[in-house]
Amino acid sequence: MVRPAVANLLPRPVRAALIAVLLVFTAAPLLYVLMASLNSDLAVVAGSFWPSDWQPANYVRIWSTVDLGPGLLNSVLVAGAVAVLCVLVSLGSAYVLVRYAFRGRTLILQALLALQSIPGTLLVLPVFVLFASLANALSVQIIGTRWALGATYLTFALPFSTWVMVTYLRGLPAELDEAAFIDGAGPWQVLTRIVLPLSWPGMVVSGIFAFLLGWNDVLFASVMTSPDTRTAAVALQVFGSAQEGGAIPVYGQLMAAALVCAVPVVVLYLVFQRYLVSGLTAGGVK
Amino acid sequence: MLVPGGALMVLVIVVPLGTAVEIALLDLDQYTFRQWLSAPFIGLGNFATALDSGLLHAIWLSVAYAAVVTIATVPIGVTAAVATHNHFAGRGLVRSLFLVPYVLPAFVVGTIWRIILQPQGIANQLLGTGGTLWLNGPRSFWALVIVQTWASWPLIYLLTLAGLQGIDPDLHEAAALDGAGHWAKLRRIILPLLRGPVALAAVIAFLHTVNAFTLPFVLFGVPSPRDVEVLPVLTYVESFQNFRFGVSAAMAVASLILVLLPLIAYLRAVRLDRES
Amino acid sequence: MNALRGWAVLLGAALLISMTACDSTDGDSASGAGKTLNVLVSANSIYPQQQKDWFTQVSSKFQQQTGAKVAFETFASPNDELTRIQTSVLAGQGPDVYSLGTTFTPTAYATKAFLELSADDWAKIGGRDKFLPATLGLSGPDAGHEVGVPFTSRPFVMAYNKEILAAAGIDKPADSWDGLLAEAKQLTKPGQYGLAVAYADGFDPWKFIWAMSVQAGNPLVAGGKAILTDPTTRMAYQTYLGWLATDKVVDPAAVGWKNAQAIAAFGAGKAAFLPMVSATSKVTLDKSTVAGKYAYALMPTIPPGATTVSANGKAASSILSGDNIVVAKYTKNKDLALELVKMLTSPEMQEIYYKTFGELPTNAQYAQTLQGDPALAAIVESSGKSVGTPFTGGWSQVQLALVNVVVQSIPNLSKGTVDDAALDKLLQTAQTTAQTALDKAK
């Protein structure tokens, strides 16, 4: 449709230079992490960059020092569910908030943004007490289950995700919806057949954000999980812990485990970033 | 369609928030918190204690730090988005690599940068400033800014990239027909259209940075050096090390109010009802 | 696109279902054989596999003995443990038995959420006499109100590089801080420093200040009053900070060092003395270049500025450091919990624990047998000469205030000065903070 050269935002050499600079800026410390993961703990702590004592075995050790395997599985389950649900719920909410005018709409949008400003440390004790009391009242186990943790993450991720979808949906022309309505489609069909396919970029961002929230959080996971439902983020903490008085943290394994834990997210992004392509609305209005 | 999300948010955020506000009015510490419902009510006493414990200094530091980080990350994020918007060989990999600083857990980022910023560490070696103190003293604020910028610019980048995809390709055609060069097209068409996503990204980045706890905690430890005694670390120390839960809750509530004020001003300025 | 949307919903649902399905598990302990006791201990990242094996061993032994199983949970850091304890105490549910650091026991006591051991309870555990007397120092404010049962002992000592000392003709480390400083000066030359000290550590600094003050007769907290602006405390800070600033026996980079970096420096052979480490450093040092070339000795017990211990001072070689076991009041299995405590502090289990993790026992009978081991001599001696930190609910705030003085002095330190006026101001702030915390103590 659009000749690729026309859609270029920057001249090639400028683009290449910028990317190079950004890559160095981003990758330099990451290279340090990689080198540290192959080094001995004492050498890492002393600040050396190039491994003097190669320890690729760190990548093997991490699986037995903590239960990283089950931890990763739990993390994938929880963060994955949170991401998918968050994207769907926020899409629905955003659609309502953008396309339908009603009283209190502005207030809801403002409240959503305001909720973003609440620090987690303020909420962790009250949330725990709330769940524990509910568990007692209903005689059902809540603390230590994956779904309770997932529900908590979902709640924290929703305000931002909704706002992302709102911002994104605002940019979609309303004419598309109207055309569909004229053709006799109901609101649900408009949402699922027209709006959803066009919202991929927004959904990808929402999804990544929600996934990362569940993937990296330690504060809530450390109080709300049992040894079986422990997430990778909590397991990772053990690598960084020091025994007071002289056993140093296993830095090599910490860095190795950090990289291993980053892989699923990066792979997911690699898969979904192809949806971050322009031209989705092309031809739609015509 | 709003009900399930709304119900969850009320349950998991609003109710605990109410509890937290109530705690802020109680004299809750390690002696009374076992029976917390019967802890003595001291009204605004906690807020007074909080002011004596460095609350204002911490709020000022947090706001300044968040503002500087936001100002630094927005240009970097937008530039990266603009540079990786168009197709080139290896674009997927570059885009994914850009994401990694944001993906790494904050405490890993803190740990590695703490080693990099040691007085005899690699940062000083490369800059030739051997022995300079980054982890304490006046430079510590800038160390925190630099590390947080490094870790959080991908968020801006992600949002801007998504925004770029939403721009109608016909606009590119029209600009080409008009003979507009790259810079003119960027300045006149693309960047104005990105205002929405970038503004949102900036606000979110600001809020997240104000509340960022793990990075300053791991980078500088507790007690924090005076120059980086940011609010989340202060509330954490009050709560989990000094056991003054009431004071800590009061600090968090006070900061919440203070952050909300400019936020509400921003929301009014941005006309929310542009679409209807 | 429709198919994709369908898949997304299915995926979300599947994940939800799998999450709930995986959770329809236990908690149900009345399945015939008996109950399950939940125990919270610190995760051991240096002996992870051994720790898992130990958990299994304890559980099966306990099951043989009582029919009940033991389920262990671990926390990664003291902060983590604190959070867990707070949430459990607040909600009235959680682990039945906790393993706490000794310095944290006073705070735990202040919450009144842990079982105060009656004479009866002590009898069920095997009696107070089965423990080394020194280790009971932080079990409670007095013998009549104790919550903590001593479990392991981790006294602090000093590691020294035998080769470096021998080359300078020094026999062993001095027993006074002034003497140690003199030796350190002798051993400082380009590329080598006398002392490796971690000024930026969140824990180490206060232990030095405490030791020097106590040795000079100032317990830092007495009768509900904080004594931080005393000349003894001032001298302690000036000595400690002076090592780097004015005496120059510490690597200037130490202003950024946490404990790990100090150990690394000593391990690389760049320092002669490494004070304030415990036996757990053995694992790290044995992997370094000084393996086989170092030994442990007591830290000095004579305060700075003196040649003998002062009359009202204590020859404290270390803080009373180790783990206490406490039982939560909310537990529904109190007698079982006490049985477990009895088992864990028996000579056999203490021996197993020592051989697995290298931490000293608190059981007097087994500790006897370690007296003769020369490699452990210093550590065992230090265990006997440990003095407990003040038993007050406000201690963690006092501790924080002590460390804060060092943290805020670091910028000056890196410039090579100990600003006495600034130090006095900081001490005054610490005094006020500490006193406020103590005033609230009940």
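Things to note:
- Restricting segment B:225-265 to residues that are surrounded by 23 or more Cβ atoms within 10 Å (Cβ to Cβ), touching a residue at least 12 places away in the same chain (Cβ under 8 Å) and of a type in the set (Gly, Ala, Ser), the residue that is farthest from residue A:109 (Cα to Cα): B:246
- Lone unmet requirement of (1) crowded, with 23+ Cβ neighbours inside 10 Å; (2) in a helix (DSSP H, G or I) for residue B:134: (2)
- Residues being within 30 Å of residue A:60 (Cα to Cα) and modelled with pLDDT under 90 - total across segment A:1-39: 0
- From A:58, A:39, residue being of a type in the set (S, T, N, Q), closer than 30 Å to residue B:118 by Cβ, in contact with an Asp or Glu (Cβ under 8 Å, 6 or more places away or on another chain) and surrounded by 21 or more Cβ atoms within 10 Å (Cβ to Cβ): A:39
- Inside segment C:263-285, residues that are within 11 Å of another protein chain (Cβ to nearest Cβ) and assigned to a loop (DSSP other than H, G, I, E, B) make up a count of 5.
Residues checked against (1) among the hydroxyl-bearing types (Ser, Thr, Tyr); (2) over 16 Å from residue A:235 (Cα atoms):
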{"residue": "C:43", "(1), (2)": "no, no"}
{"residue": "C:50", "(1), (2)": "no, yes"}
{"residue": "C:55", "(1), (2)": "no, yes"}
{"residue": "C:64", "(1), (2)": "no, yes"}
{"residue": "C:76", "(1), (2)": "no, no"}
{"residue": "C:80", "(1), (2)": "no, no"}
{"residue": "C:88", "(1), (2)": "yes, yes"}
{"residue": "C:97", "(1), (2)": "no, yes"}
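- Filtered residue count, segment A:163-178, keeping only those that are more than 8 Å from chain B (Cβ to nearest Cβ), buried (at least 18 other Cβ atoms within 10 Å of the Cβ) and not aliphatic (A, V, I, L, M): 1
- Residue under evaluation residue A:91, criteria (1) closer than 18 Å to residue B:4 by Cβ; (2) within 12 Å of chain C (Cβ to nearest Cβ); (3) in contact with a Lys or Arg (Cβ under 8 Å, 6 or more places away or on another chain), criterion not met: (3)
- Residues of segment A:18-73 that turn out to be facing another protein chain (nearest Cβ under 7 Å), under 19 Å from residue B:124 (Cβ atoms) and among the polar types (S, T, N, Q), as a count: 0
- Residues that are within 7 Å of chain A (Cβ to nearest Cβ), part of a helix (DSSP H, G or I) and either at pLDDT 90 or above or under 24 Å from residue C:79 (Cα atoms) (or both), drawn from segment B:114-125: B:115, B:116
- Restricting segment A:230-247 to residues that are surrounded by 24 or more Cβ atoms within 10 Å (Cβ to Cβ) and touching a Leu at 6+ places or on another chain (Cβ under 7 Å), the residue that is modelled with the highest pLDDT: A:232
- Taken together, A:181, A:128 contain a single residue that is within 11 Å of chain C (Cβ to nearest Cβ), assigned to a helix (DSSP H, G or I) and either out of contact with any Cys (no Cβ under 7 Å at 6 or more places or on another chain) or of a type in the set (Phe, Trp, Tyr) (or both), which is A:128.
- Listed by position, the helices (runs of 4 or more DSSP H) contained in segment C:54-162 that have at least 2 residues being within 14 Å of another protein chain (Cβ to nearest Cβ) and either in contact with a Ser or Thr (Cβ under 8 Å, 6 or more places away or on another chain) or of a type in the set (Val, Ile, Thr) (or both) are C:78-91, C:105-110.
- Scanning segment A:120-154 for residues that are without any contact (Cβ under 8 Å) to a residue 40 or more places away in the chain and surrounded by 24 or more Cβ atoms within 10 Å (Cβ to Cβ) gives A:122, A:123, A:125.
- For segment B:1-59, filtering for residues that are among the polar types (S, T, N, Q), touching a residue at least 24 places away in the same chain (Cβ under 8 Å) and either at the interface with chain A (Cβ under 9 Å from one of its Cβ atoms) or closer than 30 Å to residue C:115 by Cβ (or both) leaves 1.
The values are calculated or read from the model by the stated rules, or taken from the named source; none is laboratory data. Because the structure is a prediction, the values reported are computed rather than measured. Don't worry about glycine lacking a Cβ; one is built from the backbone with ideal geometry, like all the others, and counts go over all protein chains shown.
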